[in-house]
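Q: One structure, pasted below without further comment.
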Amino acid sequence: MDLFKGFADIKIDVLKEVGNIGAGNAATALSRLLDKPIDMAVPKVQMLPFEAVADTVGGAESVVLAVFLRVEGDAPGNLFFVLSPEAAKKLVRRLAGIHVESEEEFSEMEWSALSEIGNILAGSYLSSLADFTSLAMLPTVPALAMDMAGAILGYGLLQSGEMGDSALLIDTTFIEDQQEVEGQFFLIPDPESFDKIFTALGVPMND
């Protein structure tokens with residue numbers, strides 16, 4: 001089945017709504033964590049084949065910082081939140097208010113802040129999707145890594161033993177005092193999990 005032939009507009013609309021609600025929930029959670037107003041731009045949502053994921057973040061050999069977690073439950077899969085190292089530095093400097101000592105390396109405090117922010121983001125999007133579908137979608141403890149994009153995706157494959165052939169991409173932009181930080185959220189359901197998600201929404205995949 002080719003997911004990208006005749007993918008109905010209603011399915012994209014549903015995914016966009018999930019992205020919008022997830023972004024709103026994430027902004028609220030981050031505002032509480034950081035004790036300052038944090039907004040998120042309306043996210044851009046699209047479907048893409050798994051093999052295009054690495055290209056979307058600059059290519060398989062580009063160095064990125066990523067939060068990875070495994071989704072368990074009714075619709076298992078892999079979830080990644082990906083930032084460039086430059087965006088990650090800007091995130092901890094602008095949003096978390098942490099003094100950045102080095103542009104090349106991450107301190108323990110920076111690493112901890114990025115892990116917590118990534119955890120909040122992933123949880124917000126995942127709970128939005130779970131609420132929409134009424135499916136049990138439970139996150140594992142997230143892992144934070146900085147490596148080449150291809151290696152990080154390979155790590156996800158190693159952890160799960162399988163990877164679906166399509167991904168949901170939600171471009172995420174944080175806004176704080178007119179400063180923007182961009183990241184990308186990828187949900188890569190296991191084979192057949194998209195069927196379960198859309199069937200739960202009353203939108204069969206073969207529509």
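The values are calculated or read from the model by the stated rules, or taken from the named source; none is laboratory data. Remember, predicted model here, so these are calculated numbers, not experimental data. Every residue, glycine as well, gets a Cβ built from its backbone with ideal geometry; the counts of neighbours run over all protein chains shown. These area figures cover heavy atoms from the full protein model, side chains too; ligands, DNA and RNA do not enter into them. Shrake-Rupley method; radii C 1.70, N 1.55, O 1.52, S 1.80 Å.
Q: Listed residues V42, V82; which is of a type in the set (V, I, T) and more than 21 Å from W111 (Cβ to Cβ)?
A: Only one candidate passes the filter, namely V42.
Q: Report every pair of residues separated by at least 6 positions or lying on different chains whose Cβ atoms are under 8 Å apart, first residue within the range 72-83 and touching a residue at least 24 places away in the same chain (Cβ under 8 Å), second hydroxyl-bearing (S, T, Y) and assigned to a loop (DSSP other than H, G, I, E, B).
A: E72/T140
Yes/no matrix, rows are residues, columns are (1) buried (at least 16 other Cβ atoms within 10 Å of the Cβ); (2) assigned to a helix (DSSP H, G or I); (3) out of contact with any helix residue (DSSP H, G or I) (no Cβ under 6 Å at 6 or more places or on another chain); (4) at pLDDT below 85:
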residue	(1), (2), (3), (4)
K5	no, no, yes, yes
D13	no, yes, yes, yes
T28	no, yes, yes, no
G59	no, no, yes, no
V71	yes, no, yes, no
A75	yes, no, no, no
N78	yes, no, no, no
A87	yes, yes, yes, no
V92	yes, yes, no, yes
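Q: I'd like the residue in the range 30-50 that is touching an Asp or Glu at 6+ places or on another chain (Cβ under 6 Å) and surrounded by 14 or more Cβ atoms within 10 Å (Cβ to Cβ) and, out of all such residues, is farthest from S128 (Cα to Cα).
A: Out of the qualifying residues, it is F50.
Q: Mind checking which residues of the range 171-183 are open to solvent by 70 Å² or more (accessible area, probe 1.4 Å) and of a type in the set (D, E)?
A: Answer for the range 171-183, where residues must be open to solvent by 70 Å² or more (accessible area, probe 1.4 Å) and of a type in the set (D, E): D177, E180, E182.
Q: While we're looking at this one, here's another question. In the range 30-42, what residues are assigned to a helix (DSSP H, G or I), within 14 Å of D177 (Cα to Cα) and in contact with a Leu (Cβ under 8 Å, 6 or more places away or on another chain)?
A: Within the range 30-42, just L34 meets the criteria.
Q: Restricting to the range 100-129, count the residues that are in a loop (DSSP other than H, G, I, E, B) and free of Cβ contacts under 8 Å to residues at least 24 places away in the same chain.
A: 7
Q: Mind listing whichever residues of the range 97-119 are open to solvent by 30 Å² or more (accessible area, probe 1.4 Å) and either closer than 26 Å to Y155 by Cα or of a type in the set (A, V, I, L, M, F, W, C) (or both)?
A: Passing the criteria: E103, E104, E105, F106, S107, E108, M109, W111, S112, S115, E116, N119.
Q: Which members of the range 184-196 meet the condition of being within 16 Å of V45 (Cα to Cα) and either modelled with pLDDT under 85 or crowded, with 23+ Cβ neighbours inside 10 Å (or both)?
A: Scanning the range 184-196 gives F185, F186, L187, I188, P189, F194.
Q: Could you list, ordered by first residue, the pairs with Cβ atoms under 9 Å in which the first is in the range 152-175 and in a helix (DSSP H, G or I) and the second is at pLDDT below 75, at least 6 apart or interchain?
A: Listed by first residue and then by second, the contacts come to L153/M163; G156/M163; L157/M163.
Residue-wise test of (1) of a type in the set (F, W, Y); (2) at pLDDT 85 or above.
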| residue | (1), (2) |
| --- | --- |
| E104 | no, no |
| D131 | no, yes |
| Y155 | yes, no |
| E162 | no, no |
